[in-house]
There are 2 protein chains.
Amino acid sequence: MMEKRLRCEKLKDKLMTAKEAAAFVKKDMTIATSGFTPAGYPKAIPLELARRGEAGEKLNLTVITGASVGPEIDEKMTNAGVVARRFPYQTDRTLRKAINDGKVKYQDMHLSHVPQQLKAGFLGHIDLAIVEVVAITEEGHLIPSTSVGQTNICVEMADQVLVEINTSQPLELEGMHDITELPLPPYRKPIDLTRPEERIGKPYIECDPDKIVGIVECDIPDSPAPIVEPDQVSIDISKNIIRFLKEEVKAGRLPKNLLPLQSGVGNVANAVLKGISDSDFEHLTVYSEVLQDGIIDLLIAGKVDYASGTSFTLSPEMNARLGEELPKIKDKVILRPVEISNNPGLIRRLGVIAINTALEFDIYGNVNSSHVSGTNMMNGLGGSGDFTRGGYLSIFTTQSTAKKGLISAIVPCVPHVDHTEHDVMVVVTEQGYADLRGLDPVERARKIIENCAHPDYKDQLEDYLNRAIKESPGQHTPHILSEAFSWYDRLKETGTMKIDQ
Amino acid sequence: MMEKRLRCEKLKDKLMTAKEAAAFVKKDMTIATSGFTPAGYPKAIPLELARRGEAGEKLNLTVITGASVGPEIDEKMTNAGVVARRFPYQTDRTLRKAINDGKVKYQDMHLSHVPQQLKAGFLGHIDLAIVEVVAITEEGHLIPSTSVGQTNICVEMADQVLVEINTSQPLELEGMHDITELPLPPYRKPIDLTRPEERIGKPYIECDPDKIVGIVECDIPDSPAPIVEPDQVSIDISKNIIRFLKEEVKAGRLPKNLLPLQSGVGNVANAVLKGISDSDFEHLTVYSEVLQDGIIDLLIAGKVDYASGTSFTLSPEMNARLGEELPKIKDKVILRPVEISNNPGLIRRLGVIAINTALEFDIYGNVNSSHVSGTNMMNGLGGSGDFTRGGYLSIFTTQSTAKKGLISAIVPCVPHVDHTEHDVMVVVTEQGYADLRGLDPVERARKIIENCAHPDYKDQLEDYLNRAIKESPGQHTPHILSEAFSWYDRLKETGTMKIDQ
């Protein structure tokens, strides 16, 4: 098995146990790992680090990943108390609690900013890279597994590299990656990419074999969440998006086969893909960060011609048959470094249609993607800002209510802003969509309330807006500041944002 | 005089009075004009439109400019009631009041977004372009004056074009422009620019002469604001920025001659430039949107090797001797379309150091650039977002207090967010700077309060932060939402944000 995967003669004596490899990790180190969404992250060595923490060792590590990773790092290492600082994104319940409790210091970052900041030294010196691969080439180069993320930068910047060769990842992934690295400024050349399907780099990450201090065999699979069938709300949101896109085509503002699509992660995103597969759109392309099950189905069905991303986040079912499906789509999919997939210049150049999920938005179109009730970190904003700001069209979706209607996802004023009114063109709920282009704040508010708010909250929102306009005239963006966040206080006190009638 | 400036034979019979030209403007039209800051905007025809409004005509115009423009448009036309809708930026007192009163609908936009949205039809059909030039070539092409902005897009997209040849603008401007136009996606090629000094386009705007329906001679000069000598606060802010930049060079995170600089408009920006000219930095470059007096001095002094922007906003004194100064700096300055100067991909590629002014920021690093007390529109965010998000380093400056200390420019929670915590690396006041890179929200808050807040407000801010942490544990970004905006209520009630001791 390992013969096919560890092809570099001079590295064969670096094979060791996970425990031996983990011994390279010392107190206070900054570790950068592969992994983007729970795909392609190292597993065996992190489990050893967790064990050391459980045994009482105070490791106090800074852990930098491409995006969220699986439980071996974010749950187990957190529980073992070995993570002191964490960048740039996470989706783990245990880590989330530690972050909100202040036990783990967390900076929520635009994912496209991470590689450059790593390289520029803004996040400190990288002591050690721990990366998962499917194989090491004869020259010692690394073939990533189900994600690229910032693995190339980890390998470049770290003093030492530990490699996990994961035998549960299909060798068919080889050839699907396209690794380009950007130098630091000044005098950077243009990135020579004009279509999602273009290859501009190498199928492996170059690595000086002398930097590799340990290689570990691992067979623990990725830990993607199961994908549930879209519920009615997701289907309705998806229908509203497709209705909007069709209107744009009709008005001549979009080509018939649209423009490269980016869609966030989750059930709404999957419902949108499913909706598109049932629509009459054809010859679509995808330029996104995360490729989910839906994309693979669309590629096989011939609806999507090409898909570019930085990671495969697949359901356990799709993951199980990935080796079998890959040959069918291999020439239609490219996995790139996040510095390329999320590059603001490329997103702008390609004209990406960005579709992302909001926790909530306010009547003026400001979006909260990260903080529940403004203070409690959920996951982070991930790459949503990269695609939203640079995209040709920027769309945000949310269900109009949460907690069985007790919470309105449209509020007078979001208590945390991840995407400003300047960045958000269209907001969509299951109720409808509001196209905000060219509108002033009050016009935006009227349209959002009318088209997107849940009927249970329309009167309340209108009442707030009307009083804000009336009570303090002469405000471009009317607010009653003493009341702007009162919906969260009411929620805390009464269990709902609804005003008792 | 006009012989040198109107060189196209077939257009000579299009010369007419401003009144005749203004007659092409009909009710309900959308007009796109040249002009970026009060530089290079049309004057004579707008004054005629204002006269028609004063005479009782209801024109109901949508007016789209590159950025702010001078009083002929934003003051006179607003006062005459002919402007119904206005994009994307303004700095005029009269227009500001009309916007806040809801009489003029205004959308505050990222300036880099405007050309693409105009071209894509997102802002509606453009009926008429009104553009100022220094000359029309033999072929009928247009040579812009002191700004480019989105003039090239206006000309391309409008059904008809009116031209003002401004004889007060020096003909020496000819040759300083570099006009490149980007097609709409898909399949856009990379923009072939790797250094601020590179020319990639033509020195004129191509225009089909048949589209030009009227040409007006005008001698009204640009209306830039006088530049006052930097006060002590601006000088102190500038010193703190330079101290930060020197630390970065020392730490190896910036080259000795820095990276291309962008700095906003105003006295702090000018003080920064003056500070740089007094420092030992050399061979600097500028990749910015607005070039102010300071840059010209730095070019002549040999401190700055090259400067690229989209407009000259000069003091009346510098404006008066512009014709004389231009030959000295002509090969060192390039004026580009805003689509290029503010292009997120280029800003990222070149690694621009973005220095912009905030109205206020909060303890977590969120910046309000546009709304006084969260509701009242001041100017807009302009290009600050284009440079901040894409820049290698993003810096925001403000005086730590306003209104003689009655207002703190550092608050618990800004009531309007133009730049999120994810986008802001360094904040600077006259008190000091806070480097926020790699810090979690509470760490950021402690550092901002310690380094940047005015001593009069430190205790109040610390008290808020400590109570927010204590009263509701388990919050990544601690807030007491019922109190977060209370500083604005106190200001309204007592005339100061200070808590009565």
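Only the coordinates and a few stated rules stand behind these numbers; no lab work does. In this text, all values refer to a predicted model and were calculated from it rather than measured experimentally. Cβ: placed from backbone, ideal geometry, glycine included. Neighbour counts: every protein chain shown.
Once you reduce the stretch A:413-465 and the stretch B:408-439 to the center of their Cα atoms, the two points are 27 Å from each other.
Counted by neighbouring Cβ atoms within 10 Å, the residues A:S68, A:S277 run from fewest to most as A:S277, A:S68.
Local charge for B:T167 was computed over the other residues whose Cβ lies under 15 Å away, with Lys and Arg +1 and Asp and Glu -1, and equals -4.
One Cα centroid belongs to the stretch A:340-371, the other to the stretch B:1-45; the line between them spans 39 Å.
Please work out, to two decimal places, the log10 of the ratio I(q)/I(0) at q = 0.34 Å⁻¹ from a Debye calculation in which every Cα of the stretch A:156-196 carries one identical scatterer. Relative scattering, expressed as log10 I(q)/I(0), comes to -1.20. For the stretch A:324-478, the spread of Cα coordinates along the three principal axes comes to 62, 34, 28 Å, biggest extent given first.
Please go through the residue pairs B:K103/B:K492; A:K103/A:K403; A:K404/B:K103 and name each one whose alpha carbons sit more than 31 Å apart in this structure.
In this structure, A:K404/B:K103 exceed 31 Å between Cα atoms.
For the charge dipole of the stretch B:296-434, defined by +1 on Lys and Arg C-beta atoms and -1 on Asp and Glu C-beta atoms about the Cα centroid, which residue among B:T429, B:M318, B:N366 has the Cα displaced farthest towards the positive pole? The one lying farthest along the dipole's positive direction is B:M318.
Sort A:E483, A:E54, A:E339 so that the residue with the fewest other Cβ atoms within 10 Å of its own Cβ comes first and the one with the most comes last.
On the way: A:E483 17, A:E54 13, A:E339 26.
Final ranking by Cβ density, sparse to dense: A:E54, A:E483, A:E339.
Against chain B, whose longest principal axis is taken from its Cα atoms, helix B:441-452 shows a tilt of about 80°. Annotation for the stretch A:1-64: trypsin sites (Lys or Arg not before Pro) lying in DSSP loop with at most 16 further Cβ atoms inside 10 Å of their Cβ are A:K26, A:K27, A:K58.
For the stretch A:24-102, the alpha-carbon coordinates run over 28, 28, 17 Å along the three principal axes, in decreasing order. The rotation axis bringing chain A onto chain B passes closest to the chain A residue reported with its distance as A:G345, 1, by C-beta distance in whole Å. Mean projected area of the convex hull spanned by the Cα atoms of the stretch B:268-385, taken over all viewing directions: 9.0 nm². For all pairs of alpha-carbon atoms in the protein assembly as shown, what percent lies in each bin of width 20 Å, listed from the first bin to the last filled one? For the protein assembly as shown, the binned pair fractions read 14, 45, 34, 7, 0 percent. Peptide B:339-349 shows a mean partner chain C-beta count of 5 within 10 Å per residue C-beta. In terms of its C-alpha gyration tensor, the stretch B:32-71 comes out prolate, because a/c is 1.5 or above and the ratio a/b outweighs b/c. Expressed as a whole percent, the proportion of Cα-Cα pairs in chain A lying more than 44 Å apart is 16%. In order along the stretch A:214-222, the Karplus-derived 3J(HN,Hα) couplings, from 6.51 cos²θ - 1.76 cosθ + 1.60 at θ = phi - 60°, round to x, 10, 10, 8, 9, 10, 7, x, 4 Hz, and Gly and Pro are given as x. All alpha carbon pair distances within the stretch B:343-435 were sorted into 5 Å bins beginning at 0; the resulting P(r) in whole percents reads 3, 15, 26, 25, 17, 9, 4, 1, 0. Of the residues A:L95, A:Q460, B:S400, the one whose Cα sits farthest toward the positive end of the charge dipole of the protein assembly as shown, with +1 on the Cβ of Lys and Arg and -1 on the Cβ of Asp and Glu, is A:Q460. With R₀ set to 22 Å, the beta-carbon distance separating B:E471 from A:R490 gives a calculated FRET efficiency near 0.80. Taking every DSSP beta bridge that has both ends in the stretch B:232-494, the antiparallel portion is near 30%. Only Lys, Arg, Asp and Glu carry charge here, each on its Cβ (+1 for the first two, -1 for the last two); on that basis the stretch B:386-501 has a dipole of about 120 debye about its Cα centre. Charges were assigned to the Cβ only: +1 to each Lys and Arg, -1 to each Asp and Glu. The resulting dipole of the protein assembly as shown about its Cα centre is roughly 300 debye. Only one residue of A:L259, A:I212, A:T285 has its Cα farthest out toward the positive end of the dipole of the stretch A:174-329, where Lys and Arg carry +1 and Asp and Glu -1 on Cβ, and that residue is A:L259.
Among the listed pairs B:K26/B:K202; B:K447/B:K470; A:K119/A:K330, those with a Cα-Cα distance over 21 Å are B:K26/B:K202; A:K119/A:K330.
Using only the Cα atoms of the stretch A:232-494, what semi-axes does the equivalent ellipsoid have when each is the square root of 5 times a gyration tensor eigenvalue? Give whole Å, largest first.
Gyration-tensor ellipsoid for the stretch A:232-494: 34, 19, 16 Å.
Database remark: amide H of A:L15 closer than 5 angstrom to the amide H of A:I215 (H placed geometrically; neighbours at sequence offset of 5 or more, or on other chains; Pro and chain starts carry no H).
Look at A:K403, A:K105 and count the other Cβ atoms within 10 Å of each Cβ; fewest to most, that gives A:K403, A:K105. Applying the Karplus relation 6.51 cos²θ - 1.76 cosθ + 1.60 with θ = phi - 60° to the stretch B:283-295 yields 3J(HN,Hα) values of 6, 6, 10, 10, 10, 9, 9, 10, 9, 9, 2, x, 5 Hz, where x marks Gly and Pro.
Taking the DSSP bridge list for chain A and keeping only pairs wholly inside it, about 25 percent are antiparallel.
Per residue, the Cα convex hull of the stretch B:2-218 amounts to 117 Å³.
For chain A, the longest principal axis of the alpha carbon atoms and the long axis of helix A:267-278 meet at an angle near 80°.
The 3J(HN,Hα) values that the Karplus relation (6.51, -1.76, 1.60; θ = phi - 60°) gives for the stretch A:103-114 are, in residue order, 7, 10, 6, 9, 10, 8, 10, 4, 5, 6, 7, 5 Hz. Gly and Pro appear as x. Placing a label point 7 Å from the Cα of B:E198 along the Cα-to-Cβ direction, the residues of the stretch B:232-271 with a backbone N closer than 19 Å are B:259-262.
Considering only beta bridges that DSSP places wholly inside the protein assembly as shown, some 25 percent are antiparallel.
Placing +1 on the Cβ of every Lys and Arg and -1 on the Cβ of every Asp and Glu, with no other charges, gives chain B a dipole of roughly 540 debye about its Cα centre.
Within the same chain, lysines fewer than 8 places from B:K211 are excluded, and of the rest, those with a Cα less than 16 Å from its Cα are B:K10, B:K12, B:K14. With R₀ fixed at 35 Å, the C-beta to C-beta distance from A:R253 to B:E20 puts the FRET efficiency at about 0.50.
Ellipticity at 222 nm from helices only: DSSP H runs of n ≥ 4 in chain A, each -39500 (n - 2.57), divided by the residue count, give -8500 deg cm²/dmol.
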